[in-house]
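Please treat every number below as a calculation from the coordinates, not as lab data. The shown structure was predicted, so the numbers you read here are calculated from the model rather than taken from an experiment. Don't worry about glycine lacking a Cβ; one is built from the backbone with ideal geometry, like all the others, and counts go over all protein chains shown.
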Amino acid sequence: MMDANGEELAPAVRSILSAARERAGGDERVSVDARSFSAALADAEADGRVPVIAEMKPTSPTTEGRRDDDPVELAQAMVSGGAAALSVLTEPEHFGGSMAALERVRDAVDVPVLRKDFIVEEAQLDLVESDLVLLIARFVDDLPGLVTAAEDRGFQPLVEVHTRAELDRALAADADLIGVNNRDLGQLEVDLDTFESIAPHVPEDVTLIAESGIGSVADVRRMREAGADALLIGSAIMDGDVTDNVRQFTTA
């Protein structure tokens, strides 16, 4: 199976994308009154915190085991640690996520919540309300159309890229919130050089997020020095005491 760029994907990612393409959309168009992500980042900076999007990820193809804590308790622990926003997996088959978990989390916290999923069609935006929604450039054929569809519903779309070519597509789609995934979805290998190589080509008025592979305070500082406005951190937060883990990154 190929991605939107005509390139091969890792077997685990092919399975994820195949399931995503078969997943039905919502029956009614949603309309979201979103919490401002830019304001959340500004609040974190003003408070002296590194802006961190803490990701709630029960499991994944690249991690061992599964964590089945109550989503609301996890979310509140993350916010207590200083998370500027939360990311909630809603992909059920490979990541153990659910729409219900996202709804419960968003009701329980005041920070913006990102829906982390593999959305390939407009109707899939209508499955649940969130403040931000992830759109992976590598998986989306009509990126401008999906960005516009998300914005029309009130979402703040976070467009994820891994290459310069994908960055160019994201900018052409007028994305003003871009995440650079340090993980190559073709090989599932992580390289923080990816962010450092792409960041210099991102316009100043775009909010830039470093994603994947951030596992230490040194990694946080490295990504910030390279131009990251915020960091999305999952596995390193979910492994152990969530509040303490978030705090170490937000105070890096």
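Under 1.5 on a/c is rounded, so check that first for the chain, then, if it is not, pick prolate when a/b is larger than b/c and oblate when it is not; a ≥ b ≥ c are the square roots of the alpha carbon gyration tensor eigenvalues. Kindly include the intermediate steps, with their values, before the conclusion.
Numbers: a/c = 1.25, a/b = 1.12, b/c = 1.12.
Verdict is rounded for the chain.
How much mean residue ellipticity at 222 nm does the chain get from its helices, if each DSSP H run of length 4 or more adds -39500 (n - 2.57) and you divide by all residues, to the nearest 500 deg cm²/dmol?
On the way: 11 runs with 93 residues, N = 252.
Computed mean residue ellipticity for the chain: -10000 deg cm²/dmol.
Taking 7 Å along the Cα-to-C-beta vector as the label spot, tell me the Q76-S235 distance in nanometres, rounded to one decimal.
Here the modelled spin labels are 3.0 nm apart.
Taking θ = phi - 60°, what integer Hz values does the Karplus form 6.51 cos²θ - 1.76 cosθ + 1.60 yield along the range 229-245, in sequence order, with x for Gly and Pro?
Using θ = phi - 60°, the values come out as 7, 7, 10, 9, 10, x, 4, 5, 8, 6, 8, x, 6, 5, 4, 4, 5 Hz.
Over the range 202-252, with a single point scatterer placed on each C-alpha, what log10 of the ratio I(q)/I(0) does the Debye formula yield at q = 0.32 1/Å?
Ignoring solvent entirely, the Cα scatterers give -1.31.
Given the peptides 140-148, 128-136, 153-161, arrange them by the average over their residues of other C-beta atoms within 10 Å, most packed first.
Ranked from most to least packed, the peptides come out as 128-136, 153-161, 140-148.
How fast does the range 75-203 diffuse by Stokes-Einstein, in µm²/s, taking the Kirkwood radius from C-alpha pairs at 20 °C and 1.002 mPa s?
Values: Rh = 15.4 Å.
Roughly 139 µm²/s, to the nearest whole number.
Do you know the relative contact order of the chain, to the nearest whole percent, from alpha carbon pairs under 8 angstrom that are 6+ apart?
Result for the chain is 23 percent.
For the peptides 233-244, 113-124, what is the packing order when you average, over each peptide's residues, the other Cβ atoms within 10 Å and list the highest mean first?
Sorting 233-244, 113-124 by mean packing, highest first, produces 113-124, 233-244.
What list of ³J(HN,Hα) couplings, whole Hz, do you get for the range 133-141 from phi and the Karplus terms 6.51, -1.76, 1.60, once you set θ to phi - 60° and write x for glycine and proline?
Karplus-based 3J(HN,Hα) across the range 133-141 equals 9, 7, 10, 8, 3, 5, 9, 9, 6 Hz.
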